[in-house]
Each structure stands twice: as structure tokens, then as C-alpha cells.
1. Would you say Leu321 is in contact with a Phe, Trp or Tyr (Cβ under 9 Å, 6 or more places away or on another chain) and on the phi < 0 side of the Ramachandran plot?
2. State which residue is surrounded by the fewest Cβ atoms within 10 Å (Cβ to Cβ) when the search covers only the range 419-428 and only residues that are modelled with pLDDT under 85 and among the aliphatic types (A, V, I, L, M).
3. Of the residues Glu260, Glu215, only one is of a type in the set (Asp, Glu) and at pLDDT 85 or above; which?
4. Of the conditions (1) surrounded by fewer than 16 Cβ atoms within 10 Å (Cβ to Cβ); (2) at pLDDT below 85; (3) of a type in the set (Gly, Ala, Ser); (4) on the phi < 0 side of the Ramachandran plot, Gly390 satisfies every one except a single condition; which number is it?
5. I'd like the full set of residues that are surrounded by 13 or more Cβ atoms within 10 Å (Cβ to Cβ) and either in the same structural domain as Leu255 (by TED's automatic domain parsing) or at pLDDT below 85 (or both), limited to the range 311-332.
6. Inside the range 380-398, can you point out the residues that are of a type in the set (Asp, Glu) and in a strand (DSSP E or B)?
7. Within the range 86-135, which residues are among the polar types (S, T, N, Q) and surrounded by 14 or more Cβ atoms within 10 Å (Cβ to Cβ)?
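The values are calculated or read from the model by the stated rules, or taken from the named source; none is laboratory data. Here the structure is a predicted model, which means the values were calculated and not measured. Cβ placement follows ideal geometry from the backbone for every residue including glycine, while neighbour counts extend to all protein chains displayed.
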Amino acid sequence: MAPHRKRVLVMSETFRFPDLRGMDPARNLGGRQKLIASLTLTIGFTVLVSKVLWVSFLSPTYRRYGEEDWLLIFALSLIVMLVFALVRSAGRVAASEAEWQDVQRALQESQARLHAVVRSLPVGVAVAEASSHRIVLSNDQFRHLWRVSDSEQVSIATGADLGYRQDGRAYETKDWPLARALENGEVTLDKEIWIKRGDGTRGCVSTNAAPIRDENGEISAAVVALTDITDRKAAEAERDRLTRRLLKAQEEERLRIARELHDELGQDLTALSLGLKSLEPVLQDDAKLTKLAELRAIVEHMSVEVHSTASSLRPTSLTDLGLRQALDCLVASWAERLGIAADAHLEGLDEQLSDEGQVVIYRVVQEALTNIAKHSGANSVSVTAQWADGIVRVAVEDDGRGFDPSDPTPNEDKHMKSLGLSGMRERLALVGGYLSVETAPGQGTTVYAALPTSPSFQL
């Protein structure tokens, strides 16, 4: 009998009760199932072994197994197998629940880290879900930038009448970078937007937005990052204002000098020329008459140069006749001076431009013609102007040698060209315009200047 008892103790040791101390109540469902199944299995196995031992060895009267005994042993064996399967199933359930809890805990920790990162970023950050277009996560910098509270933030960054383009036109809801990321999956980089804050003040932000996709590639959310550049834009506006004042003072000084050259020095040279002419009847010597003619020629040349200098400083036609006539005269004079064919189609300049805008367009065309004279070797030049959608566009085209704008080789000719183009760009930028150049070696050069007839949006 001893060997059988030892076998019973070994099997009982196999199904020890688990230690439940410190178990998480949320994870005890599978543990309780396993405990109950283990108890049932242990009891059933004990009853089965006891029955076999009793019938075989411990019964007072030894007898053969009857039909009822076999049925009982079969039933107990079946119960033991079922309970054993239940134990294994309960163990798997407990392991799955433990793994699920670990995943949940890791997800919570990941979300906590994400929130901590978003809160600590030095720029305004917000995340909006695709289903409702509502902001579900944002940091303090984002709310401070918009001057809103937690309850107000849910509708901003996708609403209308809150943002403006550089020209002052309002953004529609569908045009916001965050809305475009949610709807179309578009990525926006460094888009400058003027905004109307919650407290009524205006500001400018550099906007970056991108969609967030799930494992199936569908857009589930979008993130937007806003950098407050209001102070920088205000500093740039102040710098531009001072530069415009400087250019205005420069133009006024040019006009004053041009008038003095024309009215005073020009008249003096005319008087000198007439005085020299009056000496012709007095002088009888051919050598003296020849010398007098040379002096008159010098005076005439000086008069022409003074007139040309005065016109280049500030053409009186720009003030007296307007931009279109002034440019017609400018193109004709350059064509005559260079001996090349030229045509001008300037009907687009009939639209009203500010005095500042007229001066800028005139100076850009003047600088473009100067570059043609110095660098292009052109045989013809064309100047055209068009007006559309509130923007005046001027093109100066030549058939000269052109150049490669991507060529990094430094030379004096290219340096002078770049200085002239930089000056044109700066002048146009001060009034909200822009400049572009199309050129290639041997293909000529076309300079495009665009200037809005309405001022840009300002603080």
C-alpha cells in the first residue's frame, strides 16, 4: 500500500493551491477560475484514487469490480480530464488577462509620456480627431497663443473668420492647414497665417500640420504646431516702414537734385551756349571760330548729359505724365542709346497705383534695362504690363546671351547682375511685390515683377 499512497501524494503536490497574496483584483478572474478548477481536480482525483484503493485493497471483503464500480471509475476519470482541461483553459485566460493589463498599463504610460512631451514643447501643439474635427489634445502654449481657455479651444483652428492671408483675405474653413490635413492628408510646412485671437488682438503664426494615420493607412487624426512670429513680423514691418521712409526721402532728394540740375545748371549751360554763339560775328579768325565751335559742342554735350542725369535721378515725366508715359520715354531713350529694337505694351499700367508703387515699377524697369545694356548684348527688348486680379505684372524680355542662375562660379559680371536683381527684389518686397527671373545661356532673359494694387495685411 505504501507505493500507492506515495503516488497519491505526488499527484496532490502537482495541483498545489496558488499563492494569491498581492494579486491584482482586476486580474483575479482567470486566477479564481484556475483555483476552483484546481480544487475540483484535486478532489475528483482524490476520490477516484480512494475508490480504486478501497475496491482493490481496503475493502473488508475482497470482490471483483462490478458494473457500477466501472461506471463510477469512468465517470470520475471523465470529470478529472474535464477539470484538467478547465485548469489549462483558466491558465490561458489568466495569462491573456495579465498580458492585456500589461498592454493597458504600457498604453497609459505611453499616453502620459506623450502628454508630457506635448506640454513641454516650446511651440503651440494640438491634435484633432478626424471623426469630429475637435481638438482632443493641446498644450498651454497653444491656448496662450490663441488667448483661449480649455472650454473654448475645441472649435478653433478649423473655424472661419479667425485667420487672414498676407493680402488680408480671410481663410475659409476648408483652407486651414489642420482641416486640409484631416480631409486630404496634406502636409503644411511653415505657412504664415495672420490670426484673430480670442481676446480680439491679431497675431501671426508659422503653421506646420500633418495627418496621423492608423495601421490601415486611414487618417485618424492630425497634429498642428504653431510658432508665434508676431514680434518678428512686427519688427520686419517696422524695418520695412523705415526702409520705405528712407527710399521716399531718397526719391525726394533725387527729385530736388534733378530739378536743380534741370532748372539751374541746365539753364546756365543754355545761356553759355547762346553766349558762345553770339561771339561768332565778332571773331574773324578761322582758328578762333573753330575753337569756339568746339567749346559750343562741349557745352551742348554737357547739357545733354545734365538732362540725362536729371532724368535718371527722377524723370519729370513720372510726376507730370504718369507711369505709362514715363516708361514709354524710358524704353525709347534706351533703345535709341543702345541702337536696338524695342517695343512697349503698357496698357496694364492704366490701373491706378500708389505713388510709391509707380516709383518701384519705374525703378525695376530702369534697372532691368541697365542690366540689358551692361551684360546681355541683346538686339531687341520688349516691355509689357498686364493687370489682373488686383495685381500689376510687368515683364522685361531681351534676346541676349542670358546666363545660368545655378552656376556657382564667381565673376564680376555675375556679381553685378546679382546686386541689381537683389535691389529690385528688395524694392518690390517693401510694397508687397515679388520678382522672378527666367534665363538660360544663349536663350535671353526675362524679368517678371508683380505688385498688388492693394496694400498687404498689417498688424
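1. Working: in contact with a Phe, Trp or Tyr (Cβ under 9 Å, 6 or more places away or on another chain): no; on the phi < 0 side of the Ramachandran plot: yes.
Judged against the criteria, Leu321 is not a match.
2. Leu419
3. On the way: Glu260 fails: at pLDDT 85 or above.
Residue meeting the stated conditions: Glu215.
4. (4)
5. Those that are surrounded by 13 or more Cβ atoms within 10 Å (Cβ to Cβ) and either in the same structural domain as Leu255 (by TED's automatic domain parsing) or at pLDDT below 85 (or both): Ser311, Ser312, Leu313, Arg314, Pro315, Thr316, Ser317, Leu318, Thr319, Leu321, Gly322.
6. Correct list: Glu397, Asp398.
7. Ser89
For (1) buried (at least 16 other Cβ atoms within 10 Å of the Cβ); (2) basic (Lys, Arg); (3) modelled with pLDDT of 85 or more; (4) in the same structural domain as Gln366 (by TED's automatic domain parsing), each residue gets a yes or a no:
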{"residue": "Asp285", "(1), (2), (3), (4)": "no, no, no, no"}
{"residue": "Thr290", "(1), (2), (3), (4)": "no, no, yes, no"}
{"residue": "Ala293", "(1), (2), (3), (4)": "no, no, yes, no"}
{"residue": "His301", "(1), (2), (3), (4)": "no, no, yes, no"}
{"residue": "Ile340", "(1), (2), (3), (4)": "yes, no, yes, yes"}
{"residue": "Gly348", "(1), (2), (3), (4)": "yes, no, no, yes"}
